[in-house]
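**Q** First, the structure itself, so that you have it in front of you.
The values are calculated or read from the model by the stated rules, or taken from the named source; none is laboratory data. Keep in mind the model is a prediction, meaning the values are calculated, not measured. Cβ coordinates were reconstructed from backbone atoms using ideal geometry, including for glycine residues, and neighbour counts include every protein chain displayed. For the accessible areas, the whole protein counts, side chains as well, though only heavy atoms, and no ligand, DNA or RNA atoms are used. Shrake-Rupley method; radii C 1.70, N 1.55, O 1.52, S 1.80 Å.
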Amino acid sequence: MSYASDDSHNVPVLNQQVTLPQFAFFQVMKVKSTGEIATIMGMKYNFSSQPSENCDGEWLYLLVGLTQSTATWWKFDQLRSLDRR
């Protein structure tokens, strides 16, 4: 089992070929398309429809606090972190 070094990223990855998520639980994000601000409350790894030895897929993020959008799960490239670390 592997963990990211940041405590807020404590997501166990049982398959070592799966990359760790780019964002963390409870991180405040901005949706690029709408400009809305929301908080990450869930994550899941979405495997591609053509699985390979490299475990092709991507992390999806569940946001809460949105009022304009009906989407539930968001891709990495649709979000921007407001974390100023």
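**Q** Exactly one condition in (1) of a type in the set (Ser, Thr, Tyr); (2) at pLDDT below 95; (3) surrounded by 14 or more Cβ atoms within 10 Å (Cβ to Cβ) is not met by Ser33; state its number.
**A** All conditions are met except number (3).
**Q** Could you please tell me which pairs satisfy a Cβ distance under 6 Å, a separation of 6+ or placement on different chains, a first residue in region 1-29 that is farther than 18 Å from Val64 by Cα and at pLDDT below 75, and a second residue that is open to solvent by 60 Å² or more (accessible area, probe 1.4 Å) and of a type in the set (Ser, Thr, Tyr)?
**A** Final answer for the pair search is Asn10/Tyr3.
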